[in-house]
Amino acid sequence: MKDIIIKAENLTKIYGVGDSRVTALDNCSFSAERGSFTAVTGTSGSGKSTLLHILGGMDCPDSGTVTVSGETLFPLDGRLNNRKNRARLAVFRRRNIGFIFQSFNLIPIMTVKENITAPLMLDGRTADAEYFKEITELFELSDRLDSYPAQLSGGQQQRVAIARSLMAKPSLILADEPTGNLDTKNSREIIALLKTGIRRFHQTLVLITHDPEIAGQADRAVYMTDGRLSEIKC
Amino acid sequence: MKDMLLLALRYIKVQRKHSIFIIISVMLSVALTMFSISVVFTYRETKRLAAIEQTGSYHILMTGLDEEKAGLLSHNAAFSQTELFKMNTFPDPSERQYIDEYGNDNFYTYNYLLSGTDIDIVSDYDALRREISVAGQAFSSGSTELLPKTLLTEGHMPENASQIAISEDSGYKVGDKVKLSKAKMVYDNYRSYSVPTETEEKIYTVCGLLTMREAYANYFYVSEEDSFPFTGFFASTYGIRARFADMDAHFTSTFIDICEKSGVLVARNVGWDYNSPEFNYAFNDELITAEAAGKEARAMLIEISAALYVVIMLILAGGRMIIDCEFELTAEKKRRHMGLLMSIGADDRQLVAVTTFEGIILGLIAVPLGLILGYLIIIAVCMIVSSDSELMSKLCLDSIKPVISIWYLVIASITGIGWVFFSAYGTAVRIKKVNPVEAVNGYRKSKKLPFPKKPYKHRDDPKKFLGSINYSTMHMEKKRFVSCTASVTLSMFLFVMLSYSPVLYENYLDIVYEELHGYNSDFTIIGEMSGYDYYELKDRLTESGYFDDYDINPFWIYYDSVKGTVTAEDSKEYRFKSEYMGSRSAEINISGHYLTDMPLALIYEKDWGFANGSIISAQPKAYNGISAEGMPELQFRVVIPDDDPEDRSDRGYIGICMTSEMIDEYERELRESCPDYMEKAGERFIYLQVRNTDEFDKAKKFIETILPEGAAMHDLKSDINGYDYMFRFIRLMAAAVVIVFALIAVSNIFNITVSGISESRQSYGLLRAVGMTDSQLEKTAAVQTFLPIIYASVITLILTAAAVIIIAVITVGSPDIKQAMAFTEPHKALIRVIIASAAAFAVAALAAYFPLMRIEKSTVSDSVRFEV
C-alpha cells in the first residue's frame, strides 16, 4: 500500500475579479508518496507556485482539500483572516514543511546560523547540536555560520535555505525553482544535496523546475498547464 | 532633465505616504517659523498701539515753553510731526510746615508757581489753612478758574509771562511797568526765619489788581531794598508734542543739541528753580521702546531677536530631522532604482536631479500651505487674546491685529524650501554612489555593511529568538534608529520645556507677589529724592486725606547705600538686605546717610519679608566718623539669634529699620553734621497704605499728580495685574507653540513607526514563511516600534532633569535645595515627561497597528512574492 504523505483534491484558486480574473488552479488534484521526489514542471503562469504555496500552507485555496501526514490543512474552519487559523498554519509550517524559494529568501537581518535554526527557534525548540553540525557540514556552511546573507554568494545562500528547510526535520520539502538563480554547476550541486538530504532524513520532496535534466532526476514528474496537472510518463 | 522631473513626480505619487509626511513636516516648520516671527512683531506693534492709545503718538513732550521757543522747536526738521499746544503748567505748590523747638508753627516757602505765580503764605496761618487746602487742590489741578473771581478787582489775570496781577494796595495801577526780583525763600536755621536767596530781575507789566485779604502774597524784593507783598498770576505756557524723524541711537542727545542750538535751554527738571527760563520735557519711553529706539529698547530687541533666533533654529532642527528621516527611509528603495538607471546609462547629474526635484516639488507644495497655516494660527491666537476683554481694556485696544510682513513670508518660505532642498540633495548625493551591479542584483557585497561586530549572545536560546531579531535590526538600521530617536527626543524635550515654562514663571510671580504683599502696602514710591523732596511729599500725602501719618512707611531709606563688613571669623562683605551665613555675634560696620549715634533698630529676618522681622539690636557700639563717601559711619555689634549653632546653612537678612520719628530726629542731626544732607538725593522707598480701600483709585490719581521728578509710583494692583497679564500672555504663547510642536511630534512619531513597519515588511514576510505566528510578529514589531520611544523618553528625562537643575542654580543662586525645589517644582517637569512619553507610546502603538494588521491579513505567499 502506498504511503501518501500529501494529498490535494479539487483545488481551485482564482485571483482578481472581472476582466482581471485569473484562474491559477482549476480543480487541480495532487498527491505524493512519502520519501519520493516529485518534479512539477509547466509553462510560466501555469499555477505551479500557487500549488506549492497552498500545499505549504502559505496560501488558502478557494475550494478543495489538502491533507498532509493525515492532518487536514484545508479547508479551514473559518476564513484565513481568522487569527487562530493563521497561527495554526504558521505552527504547521514550521513543524512539517520545509520551503525553499527561488530567490533564497533568507532573512537579511539574521546570521546563517540564525536563519538555519529560525523554524526551531520560532517553535521554542533548541536545535539538536549533532544534527545541526551534520547539516552544516553537509552543505559546507560550518565556517560561515556568523556571516549574514549579504556576505554570501548565491550558491551559498541557497545552501543556507536548504539547510533551513531541513533543520526542523519536516516531513515535506517544497522547493520552488531552487536552482532558478544559480549557474549550472551550482544547480547540479544543489539538486544533489537535496536528494542526499531527503534520502538521509527520509523526507519527501516536491520541486518545481523548468530544467528537464532536473525533472529527469525525479522519481515522478507532473506537468501543469492552465491550472491543471497531468502526469508525465518518465 | 525633463524626464528626471517626470520621474520625480512619479516617485512622489508612488511614495504617497512619504511625500505627505514630508509636506506636513515642511508645512509645520514654515507655519511655526512664520508664527514665531509674526507673534513677536505683533506683540511689538500691539505695545506700540497701546502706548499711542495711552500716552499719545509723540516721542517727546515739552512743556512750559513760551510761544517763541515753542515755535522755534516745532519747525525743526528733527521732529517729523509736531503739535504745538497751549497748556497751563502748574508746578506743584510747595508749602511746608514744621514745628520748631519752641512749638511754633513755621513755614518754608519755595518756588511756588501757581499759574506762574510765586506764592507766599501770610503770617495768619490758622485763618489761611482752609485756603491752603483749597488752593493746594486748585493749584494741583492747574486751573486758575478755580480761584475765586472776586480776587480780581481790576484788569485781568496775566496772559503771558511778562504780565503780573498785583495787590491793590501796592500803589501800582494797571499798565504800569515794575522791575522785580523773584526770590526763593529758604529757612535760615541761624536766624530762624526765611530769607530770600536767589533772585532774578525782570520787568513786568501790571495787568490786574487783586484784593489783599483773599490773595496769597509773594515777598519780592525790589531794587529799593524794601519788600512788599503782591500776587502775580502768570499766563499759560506752550507745549510741544513731537515725533523724532530719525530714531537713531543718539536721538536724545540730538534733541538736546537741537534745543541748545535753538537757543532754548534744556533742563532735566523745572523743579525748584523757577528763576531760570527752563522747561520741562519728558520722553514717551513706552512708545520709544515699542518702536525699538533708545538704548533699552535696542537691548530688548536684541534679547527678543536672540530668543526668536533660538526658537526658529529649534523649529528648523526638528523639521530638518524629520525631513531627513523621511528621505532616508525612501533612500533604500531608491538605491536599487538608481542602480538600474545607472545600468542603462543615467549619469550622476541626472540621478541627483531625480531626488532633488522631488524635494523641491514637495517644498513648493508645502510652503504655501505652511504660510497659510501660519497665518491662520496667528489670526486664531490674536482672536483668542482679543476676546479677553479685561486684557484689551488694560491695553486700551479694541482688538489685536496680526502683523504680517512680506519679509516673514520670504524668510519662512526660504526656510522651508531650503531645508527640504538640502535634505533631498544630501540624500540624492548619497544614493548616486550605489554600485549598479549590486543594485541590479539586489544585494550588497560591500564589506562596509553595518553588521553587528559580535553576534547576539543569546542566539542559541529559543526564548530569546525575537530579541536576536531586534538586536540585528537595531544594528543594521543604526542610522535610522539614531535619527528617529533623536527627532522624537527633540520633539518630546521641546514639548516638555515649553509646557513647563509657565510653571516657572508662575513660581516667579509667587515670589514677586509675596514680596509685594510682604510690605503690606498699596503703593510704593521709589526714586531719588532729597530730604526736602521727601518731607514735602509726605506732607502732601497726609494733607490729601487719603493717607494718615502712620500709613506712610519710609522704610529702607537709602536702600543699597549701606555697606557692611563682618569682622568676626566669618568675614564677609554684605550689603543692606544681605545674607548672613551662620550664627554668631559679629561686628558690623554700616555707613549711610541716616546713621548717627542715635539708636536705631536692626531687623533680622530669616526669610525675605522684612515686615515681620524682629529687632535684634538698638545701640551702636561706636561712631566712626565720616566715611569716604562723606557719610557718617557707625559700627554695630549684633548677635544674630540662632537655634542651631551647628547648622552652617543658616541664612538670614539684616536690615535697618527706622521709624518716622527716628528719621526726623536723624535728619535733624544730619543737617547739623552734613550740611548738604537735605540737598543730596538718595534713593528712597516709601510704602503707602490707603486709609480707605474705596478711595484706592482716587489716591492713585492724586499720587500721580504730586510725584517728584524722577520718582516712580507702583501700585500693587497694577503690578499684580501687569504680572498677571504677562503670565497670561506667556501661557497663551507657550500653549500655541506647544500645540504646534505636539503636532510635529505626533506626525514625526507616526511617520517613523509606519515607515519602520513597512520597511520591515520583507523580513516579517520571510519570518512568517518559516512559521512566525501573528503574536510573535506583534512582539517583534512592538520592540522595534517602542524602543526609540523608550530611549527618547529616558534621554528626555535626563535632559529635563539637567535643565531643571540648571534653572534652579541660576535662578535661585547658591543652592538652597529646599528653595530650589520650591521654585522649580521638578515634579511638574517630571509629570510632563511622563505625559509626553505616554502620548508618544500611544501614537506609536496606533501608528503600528494599521500596517501590522495589513501584514498579518495578507497571505504569506503574497509576503514572499516581493522585490528583493
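General observations
- Residue of A:Gly16, A:Gly124, A:Gly57 that the Gaussian network model of chain A assigns the largest fluctuation, springs spanning Cα pairs under 10 Å: A:Gly16
- Cut-off 9 Å between beta-carbons: net charge of the residues surrounding A:Pro170, Lys and Arg +1, Asp and Glu -1: +4
- With respect to chain A, whose longest principal axis is taken over its alpha-carbon atoms, helix A:112-122 is tilted by about 50°.
- Anisotropy class of chain A from Cα gyration tensor, a/c 1.5 cut: prolate
- Axis angle, to the nearest 10 degrees, between helix A:184-200 and the longest C-alpha principal axis of chain A: 90 degrees.
- Spin-label pair A:Glu137-B:Leu364: with each label point 7 Å from Cα along the Cα-Cβ axis, the two points sit 6.7 nm from one another.
- Trypsin sites (Lys or Arg not before Pro) restricted to DSSP loop in region A:31-112 with at most 12 other C-beta within 10 Å: A:Arg79
- Net charge over other residues, Cβ less than 11 angstrom from the Cβ of A:Arg144 (K, R count +1; D, E count -1): -1
- Beyond 26 Å in Cα-Cα separation lie the following of the pairs B:Lys433/B:Lys464; A:Lys48/B:Lys779; A:Lys48/A:Lys195: B:Lys433/B:Lys464; A:Lys48/B:Lys779.
- Working from Cα pairs under 8 Å separated by at least six residues, relative contact order for region A:4-232 is 30 percent.
- Degrees between helix A:154-167 axis and first principal axis of chain A (Cα, 0 to 90, nearest 10): 80
Each value in this text was obtained by applying a stated rule to the coordinates, not by laboratory testing. Treat the numbers as computed from the prediction; the structure is a model and nothing was measured. Using ideal geometry, Cβ is built from the backbone for each residue, glycine included, and neighbour counts are taken over all protein chains shown.
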